[in-house]
Amino acid sequence: MPTTKQQKILVLFYSLSGHTADMAREVAAGALSVANTEVVIKRIPEILPDSFFGDNPNLARTRDSLHAEFAEATRDDFVEADGILLGTPTHFGSFASQVKHFIDGLTPVWLKGKLVNKPIALFCSAGSMHGGEEVTLVSLMIPLLNLGMIPVGIPYPIQSEGPDFDAGSPYGAIFVSGHGKKPNEADKKIARILGVRLASLASVLSCGCEHCGSCRIFAENLGNL
């Protein structure tokens, strides 16, 4: 009998104030609930200078706490994962420059086609409602599509009552963190749904010929259509 493949899901995030890290834990919990799934959470490297944090002691404490909890991601982590959940804060209506810096560093593996057909799902946090959350998610999809990746969203209707969708978006999971809030149960639920969807699609695309040959053929040939 063929053995079931253990898949790797990478939850990759950048967080300045800790809110995106809160969402990272939730999407990871959703992905981990999918059978035969290994999940690792890693952080995108910081590019702000130490002098910035010297002037912002609260942010320095958050940075140090996240550095102690999560290892720093590398390009190899991105390549080796069967699927990725990528999180960013909303900075001036777009995704963080730290995330852009990391994506730009993927050029060598993009040139080799190593990211083609890899599924990816997005989540973000923002300090205010209507502060650019959906624009952040959509703008982040653009370089990922250039890399040949497959974005995974949350379709209508989601798996709950309609009002719960106020916590998220068709483009990914969203958390509005203004005034020191923590994710509520609706925020967490949608984040977990996104993790389940990403891990489930990753399982289909990486299942291997011995389990579902048609899925493997789809994964190999999708870019040639």
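The values are calculated or read from the model by the stated rules, or taken from the named source; none is laboratory data. Predicted model only: the values in this text are computed from it and were never measured. As a convention, Cβ positions derive from the backbone with ideal geometry for all residues, glycine included, and neighbour counts pool all protein chains shown.
Below are the figures for this structure:
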item: Residue within the range 73-87 that is among the β-branched types (Val, Ile, Thr), in contact with a Lys or Arg (Cβ under 9 Å, 6 or more places away or on another chain) and surrounded by 21 or more Cβ atoms within 10 Å (Cβ to Cβ) present; result: yes
item: Residue within the range 97-110 that is in a loop (DSSP other than H, G, I, E, B), surrounded by fewer than 21 Cβ atoms within 10 Å (Cβ to Cβ) and out of contact with any Cys (no Cβ under 6 Å at 6 or more places or on another chain) present; result: yes
item: Any helices (runs of 4 or more DSSP H) falling wholly within the range 1-93 and containing at least 1 residues that are farther than 28 Å from GLY131 by Cα and free of Cβ contacts under 8 Å to residues at least 60 places away in the same chain; result: 57-69, 75-80
item: Qualifying residue in the range 101-121 (condition: modelled with pLDDT under 95, of a type in the set (Gly, Ala, Ser) and more than 19 Å from SER206 (Cα to Cα)); result: no
item: Residues satisfying the stated conditions in the range 145-188, i.e. within 17 Å of GLU133 (Cβ to Cβ), at pLDDT 70 or above, of a type in the set (D, E, K, R) and not in a loop (DSSP other than H, G, I, E, B); result: ASP187, LYS188
item: Residue check for MET129: of a type in the set (A, V, I, L, M, F, W, C), touching a strand residue (DSSP E or B) at 6+ places or on another chain (Cβ under 9 Å) and farther than 20 Å from HIS91 by Cβ; result: no
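Rundown of residues vs (1) surrounded by fewer than 21 Cβ atoms within 10 Å (Cβ to Cβ); (2) aliphatic (A, V, I, L, M), yes/no style:
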{"site": "GLY168", "(1), (2)": "no, no"}
{"site": "GLY172", "(1), (2)": "no, no"}
{"site": "PHE175", "(1), (2)": "no, no"}
{"site": "GLY178", "(1), (2)": "yes, no"}
{"site": "LYS182", "(1), (2)": "yes, no"}
{"site": "ALA186", "(1), (2)": "yes, yes"}
{"site": "ILE190", "(1), (2)": "no, yes"}
{"site": "GLY195", "(1), (2)": "no, no"}
{"site": "LEU201", "(1), (2)": "yes, yes"}
